[in-house]
Amino acid sequence: MTRSRMLASVIAGLKPTVEMAEKAGVTLLLEPLNTRYDHRGYFLASSDEGAEICREIGSSRLKLLFDCYHMQIMEGDLVNHIKRNIDVIGHFHSAGVPGRHELYHGETDYPFVMGQIETLGYQGVFGLEYLPSTDHESSVRKTLAYLTR
């Protein structure tokens with residue numbers, strides 16, 4: 001099966017699910033994942049493709065979950081991908097790359113990325129989805145201090 005046929009199948013499958021979400025007043029999140037390390041064989045590994053699926057369906061009840069960890073691995077250039085797709089982003093996840101640890105471990109400048117997201121008018125939450133390298137309380141305390149520096 002070609003990629004375009006698979007994509008059409010995903011969209012066709014999502015439409016009735018999104019209709020149910022609309023009736024229930026629930027918002028669904030579509031999350032692209034990295035296929036290099038954590039989710040080999042997963043269909044959706046591009047934020048742009050995920051955003052296009054959301055736009056194709058055209059419902060405010062289907063949003064993109066932009067996972068900065070996964071998209072840094074797959075795409076890099078986080079801020080430009082976010083700017084292009086902020087209209088359909090409903091939530092953010094974060095973790096340090098590499099290793100999926102605290103945000104202050106790794107190559108991503110999260111205070112900068114989050115500042116850029118804020119300038120785009122995003123007012124939702126930014127989820128921490130990482131594996132603590134120390135005890136949870138210390139990890140969260142240090143992560144919050146890093147993000148608010």
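The values are calculated or read from the model by the stated rules, or taken from the named source; none is laboratory data. Just so it is clear, the model here is predicted, and its values are computed rather than measured. Positions of Cβ are backbone-derived with ideal geometry, glycine not excepted, and every protein chain shown enters the neighbour counts.
Looking only at region 58-77, which residues are under 15 Å from LEU128 (Cα atoms), free of Cβ contacts under 8 Å to residues at least 40 places away in the same chain and either of a type in the set (Asp, Glu) or in a strand (DSSP E or B) (or both)?
LEU65, PHE66
Report, ordered by the first and then the second residue, all pairs with beta carbons closer than 9 Å, sequence separation of six or more or different chains, a first member in region 24-53 that is on the phi > 0 side of the Ramachandran plot, and a second member that is of a type outside the set (S, T, N, Q).
GLY25/ARG61
Just to check your reading of the model, which residue among ARG100, ARG55 is of a type outside the set (S, T, N, Q), within 29 Å of SER9 (Cβ to Cβ) and in contact with an Asp or Glu (Cβ under 9 Å, 6 or more places away or on another chain)?
ARG55
Just to be sure I understand, how many residues within region 1-49 are under 14 Å from LEU62 (Cα atoms), charged (D, E, K, R) and part of a loop (DSSP other than H, G, I, E, B)?
Count: 1.
Can you tell me which residues in region 117-139 are over 15 Å from ASP67 (Cα atoms) and either of a type in the set (S, T, N, Q) or in contact with a His (Cβ under 9 Å, 6 or more places away or on another chain) (or both)?
Within region 117-139, THR119, GLN123, PRO132, SER133, THR134, SER138, SER139 qualify.
So for region 134-142 (the condition being among the basic types (Lys, Arg), at pLDDT below 95 and surrounded by fewer than 13 Cβ atoms within 10 Å (Cβ to Cβ)), does at least one residue qualify?
Scanning region 134-142, I find no residue that is among the basic types (Lys, Arg), at pLDDT below 95 and surrounded by fewer than 13 Cβ atoms within 10 Å (Cβ to Cβ), so the answer is no.
Filter region 112-128 down to the residues that are surrounded by 14 or more Cβ atoms within 10 Å (Cβ to Cβ) and either touching a residue at least 40 places away in the same chain (Cβ under 8 Å) or part of a helix (DSSP H, G or I) (or both) and list them by number.
VAL113, MET114, GLN116, ILE117
Among the candidates ARG55, ARG61, ARG36, ARG40, which residue alone is of a type in the set (D, E, K, R), under 25 Å from PHE126 (Cβ atoms), surrounded by fewer than 12 Cβ atoms within 10 Å (Cβ to Cβ) and within 18 Å of the chain's Cα centre (by Cα)?
Testing whether each residue is of a type in the set (D, E, K, R), under 25 Å from PHE126 (Cβ atoms), surrounded by fewer than 12 Cβ atoms within 10 Å (Cβ to Cβ) and within 18 Å of the chain's Cα centre (by Cα) leaves just ARG36.
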